[in-house]
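Working notes, structure below.
The values are calculated or read from the model by the stated rules, or taken from the named source; none is laboratory data. Values in this document were obtained by computation on a predicted structure and should not be read as measured data. All Cβ positions, even for glycine, are placed from backbone atoms using ideal geometry, and neighbour counts span all protein chains on display.
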Amino acid sequence: MRKRSKNNRTKIAQLRFKFSDLFAADNKIITTLLILLPLLIYAQVWGFSFVWDDGDGGRTVGGHLQNTFVLDASWQSFWQLFTQPYFGMYIPIGYLFLGLLKSLVQLFSLPVYGILHLGNVAVHIVNGLLVFTILRQFIDNKWAVALGAGFFLLHPVQVEAVAWISGFRDLLATLFTLLSLYHYFKKPNDMSYLSLIFFILAVLSKPSAVVLVPILFLSNHFHFGLKFVENFIKTLPYIFIALLTAAVAYSVQSNYADFSPYTIAVWQRPFAWLDSIVFYVFKIIYPYHLSASYTLSPKFISAAWWFYPLAILPLFLGYWLWLKRKTERLVVFAVALFIAGFFTTSGFVSFSFQKYSLVADRYLYFAMLGVALFVAAIISKADKKQFGIWAAAIILLIFATLSAFRQIPIWKNSLILWSHSVNYEVNPAYSHINLGTYFNNTGLRITDTKDAIKHFDKAIVYYSKEPTNKSLGNSFYNKGNVLVKQKKYQQAEDYFDKSIKFFAQRRAKMPSYNKSFYNRGVVRFKQDKLALAYQDFERTIKTEPKNQQAQHNMIFINIKLKQCKKAHQVKKFADKNNIKIPQSLSQELKSKCPSK
């Protein structure tokens, strides 16, 4: 109900349902179901490994669990948390909570893998309860709302964010976003500073939480009935925070990587956004062939024949919703919430993972709020026989079964994850790289290195069709590492050489580029190509002055080549950079190259 006060400001109704009402006697059954069902379905993640960007189980460099604070929570790493971006992101709150949880687990000597996975499940369940609370502001039928919240909690598309430790940042950002929205509804007539604080925590958990701004704008319009100017003024503080977040995210991402080879023209981006709507709607209706990566990059889809025709479908949907905007306001509101939920990752702006894929299941996590509202709105209109409720319950049961028995087990370890994903990627090279890395890291049997070579070769074949794709240079580097393990040093040298030439021709300063110099130096050193090895190590310390082993090798080479002056120069450089020299090497330097 809206009324005008003396100062002509619109007065808005307060909360219709509070979070504490979940635990009232008449809601206990629903609350129990919303807690127990996802807990039973996701309990299996207890025994899962770390995968992908976790920084274990398949990766050698980087990873969210390799963040300094997460590895070792201290006052020094706490300061770094807020002053230094990590892994191409500025998400200090996400790492703060993850680091504190991990430290607590280690303090009590609990299983790290299991507790961190269940931590994701716990946050997911709380998010589901908040979704129920928010939907009750719009719909009175509690069982319709319960089924809507059930779709949020149990739909297979949510599995990626929940079963993958690195999805914690999505879950945490959504938690704070929902809390911000809840407190916004709690004090609709005044500025809610608590809502603003939760919004700041949300964007510091993951920048995509800026979607709260269009969500608030839509809520003000559809639920509170505010006109545009009043709506804009009320949302202004959130807009300011969102713009600041966007500026920081853009700066961090720009310094982390060059996205120009992967981006598409500005005029093509609305088509990419419309295509992503079609993709996500299909995955929600038919969530069977879900994958960690679909490899639908903007470059790939913009060259496909269906890129422009497919974009027409959402326009028809939009036109139909426009016609129904007065008679079906709640349904239109739900669809708008869904689309707004993944707007920031739908192609309008560039981000790091876009070079592999524009779409991902985790990008839908918050957007499922709109799906939950849509389901609840449709069911609330069911006839007296409650056919709609039963139909929705059956569909939800099917989706829950798919989650429990097909989708969740895929995230058990890297081998299962990428062996599954390779079947559903448009360009399976990304899965082959991850499988190759997995076998290379395992490396316990001869067959492991052979399997690693096989997958890196497949990746090279696929990426050779995209000569500008930097992953081709990474694939050369990765194969070289496996060949080192096989002690095929000349072949390894050839592949490090290919990696260096690839990146040099494209002036791409990738981590693999610098490491290829060092690794090529190592294999040349093993082949007694000392002068050439020295050049590679010399190049290495220009970019990595703290590379201890490179400097040790340089001293050794100079001693061997009887270049005593150079040996002492390297020793002096090492001392300047606080590099410790092994006692045996130091004694050899003194005996064979005594200082004058």
Review point. Pairs under 8 Å by beta carbon, first residue under 14 Å from F279 (Cα atoms) in the stretch 297-321, partner among the aliphatic types (A, V, I, L, M) and surrounded by fewer than 17 Cβ atoms within 10 Å (Cβ to Cβ), six or more apart or different chains?
Key: L310/V278; A311/V278; L313/V278; P314/V278
Point to revise | Scope the stretch 200-214; condition more than 19 Å from V252 (Cβ to Cβ) and either within 16 Å of the chain's Cα centre (by Cα) or crowded, with 24+ Cβ neighbours inside 10 Å (or both); matching residues | key: L212
**Study point:** Residue within the stretch 158-176 that is acidic (D, E) and farther than 22 Å from K206 by Cβ present
**Key:** no
Exercise for review: For V61, state whether it is modelled with pLDDT of 90 or more and either more than 14 Å from F168 (Cβ to Cβ) or buried (at least 17 other Cβ atoms within 10 Å of the Cβ) (or both).
Suggested key: no
Check your understanding: Looking at (1) modelled with pLDDT under 90; (2) out of contact with any Lys or Arg (no Cβ under 7 Å at 6 or more places or on another chain); (3) of a type in the set (A, V, I, L, M, F, W, C), which is the one condition that is false for I559?
Key -> (2)
Exercise for review: Within the stretch 12-37, track down each residue that is of a type in the set (S, T, N, Q), touching a helix residue (DSSP H, G or I) at 6+ places or on another chain (Cβ under 9 Å) and either at pLDDT 90 or above or closer than 20 Å to L154 by Cβ (or both).
Suggested key: N27, T31
Exercise for review: Take the stretch 375-395 and flag every residue that is crowded, with 20+ Cβ neighbours inside 10 Å and within 31 Å of the chain's Cα centre (by Cα).
Suggested key: V375, A376, A377, A392
**Study point:** Which numbered condition V112 fails, given (1) without any contact (Cβ under 8 Å) to a residue 60 or more places away in the chain; (2) farther than 30 Å from L435 by Cα
**Key:** (2)
**Study point:** Residues located in the stretch 270-291, provided they are in contact (Cβ under 8 Å) with a residue 12 or more places away in the chain, surrounded by 12 or more Cβ atoms within 10 Å (Cβ to Cβ) and either at positive phi or under 21 Å from the mean Cα position of the chain (by Cα) (or both)
**Key:** A272, W273, D275, S276, I277, F279, Y280, K283, I284, P287, L290, S291
Revision key, fill the gap. When every residue in the stretch 404-418 that is of a type outside the set (F, W, Y) and more than 20 Å from the chain's Cα centre (by Cα) is compared, the one farthest from A452 (Cα to Cα) is A404
Practice item. Filter the stretch 300-320 for residues that are surrounded by 17 or more Cβ atoms within 10 Å (Cβ to Cβ) and either touching a helix residue (DSSP H, G or I) at 6+ places or on another chain (Cβ under 8 Å) or in the same structural domain as E425 (by TED's automatic domain parsing) (or both) and give the result. Key: I301, S302, F307, L310, A311, P314
Review point. Do we find that A452 is assigned to a helix (DSSP H, G or I), surrounded by 16 or more Cβ atoms within 10 Å (Cβ to Cβ), under 29 Å from the mean Cα position of the chain (by Cα) and free of Cβ contacts under 8 Å to residues at least 60 places away in the same chain in this structure?
Key: yes
Check your understanding: Does V45 satisfy the criteria of being surrounded by fewer than 20 Cβ atoms within 10 Å (Cβ to Cβ), outside any loop (DSSP other than H, G, I, E, B) and in contact with a helix residue (DSSP H, G or I) (Cβ under 8 Å, 6 or more places away or on another chain)?
Key -> no
Exercise for review: Count, please, the residues in the stretch 193-223 that happen to be touching a Lys or Arg at 6+ places or on another chain (Cβ under 7 Å) and outside any helix (DSSP H, G or I).
Suggested key: 2
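Each row is one residue, and each column tells you yes or no for (1) assigned by TED's automatic domain parsing to the domain that holds G473; (2) within 16 Å of K283 (Cα to Cα); (3) not hydrophobic (A, V, I, L, M, F, W, C).
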| position | (1), (2), (3) |
| --- | --- |
| L358 | no, yes, no |
| D361 | no, yes, yes |
| V375 | no, yes, no |
| A404 | no, no, no |
**Study point:** Subset of the stretch 549-596 (residues that are within 43 Å of the chain's Cα centre (by Cα), in a helix (DSSP H, G or I) and surrounded by fewer than 18 Cβ atoms within 10 Å (Cβ to Cβ))
**Key:** Q549, F573, D575, K576
Check your understanding: Any idea which residue in the stretch 456-467 is modelled with the lowest pLDDT, counting only those that are outside any helix (DSSP H, G or I) and within 14 Å of K498 (Cα to Cα)?
Key -> P467
Practice item. Please verify whether the stretch 506-526 includes one or more residues that are surrounded by fewer than 16 Cβ atoms within 10 Å (Cβ to Cβ) and of a type in the set (S, T, N, Q). Key: no
Exercise for review: Please state which of the following conditions Y424 fails to meet, knowing it meets all the rest: (1) assigned by TED's automatic domain parsing to the domain that holds F176; (2) outside any helix (DSSP H, G or I); (3) hydroxyl-bearing (S, T, Y).
Suggested key: (1)
